[in-house]
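The values are calculated or read from the model by the stated rules, or taken from the named source; none is laboratory data. Computed from a prediction, not measured in an experiment: that's the story for all the values here. Every residue, glycine among them, receives a Cβ derived from its backbone with ideal geometry; neighbour counts consider all protein chains shown. Side chains are part of the model used for accessible areas, which takes the heavy atoms of the whole protein and leaves out ligands, DNA and RNA. Shrake-Rupley method; radii C 1.70, N 1.55, O 1.52, S 1.80 Å.
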Amino acid sequence: MKIAAGSIVRIEYEIRVKGGDVIESSTKSGPVQYVQGEGKLLPALERRLEGLTAGQTLEGDIPAAEAVPEDKLPTRAIPRAEFPSAGPIEVGSTFEAHTAAGGVVSLRIVAVDEKHVTARLLPPLAGKDLAFKVRVMRIEDPVSKFVSVVHKPPPPLPAEALKIELEPDGD
């Protein structure tokens, strides 16, 4: 059986920044089970796994633009006064903002007017190429799994549950 839309797939994996640190790994968190096409796995990785069979391995790279497509990321309108007054604020430029919790968020400017700057919130992996290694452990067909459950008759209820008293044979 090959991985196709709707397949229930279990994999061992490693995803790292290309040439850098491991981001996620089944060595740390255990194998992952997902349904192909539901978007629970990195979509670029799902596309690469399509058509593989149980036992196969695959290694490769995912370009930054495909790993984290910026056009799918959320934007926020921020008052222009919250940006530094020195220097121009231009579409395409990147800024770092500090959160109340002490974290840092990267922002890419997508629009500017007199009162607001519209910025795209960038995750830490934005702009970074990824490398992956995957081993397909198991593939299940959800339809056949469902059909076998549906057509399996339930076990008979015990006489006690039905409040039936069985009498011994009088032969």
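Quick rundown of the values:
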quantity: Residues located in region 63-74, provided they are open to solvent by less than 70 Å² (accessible area, probe 1.4 Å) and within 19 Å of H116 (Cα to Cα); calculated: L73
quantity: Region 32-58, residues that are touching a Phe, Trp or Tyr at 6+ places or on another chain (Cβ under 8 Å) and either open to solvent by 70 Å² or more (accessible area, probe 1.4 Å) or in a loop (DSSP other than H, G, I, E, B) (or both); calculated: K40, L41
quantity: Selection count where residues are polar (S, T, N, Q) and either surrounded by 13 or more Cβ atoms within 10 Å (Cβ to Cβ) or modelled with pLDDT of 90 or more (or both), scope region 84-118; calculated: 4
quantity: Yes/no for T118 being in contact (Cβ under 8 Å) with a residue 40 or more places away in the chain and more than 18 Å from the chain's Cα centre (by Cα); calculated: yes
quantity: Lone qualifier among R16, R10 - being touching a Pro at 6+ places or on another chain (Cβ under 6 Å) and either closer than 30 Å to E96 by Cβ or open to solvent by 30 Å² or more (accessible area, probe 1.4 Å) (or both); calculated: R10
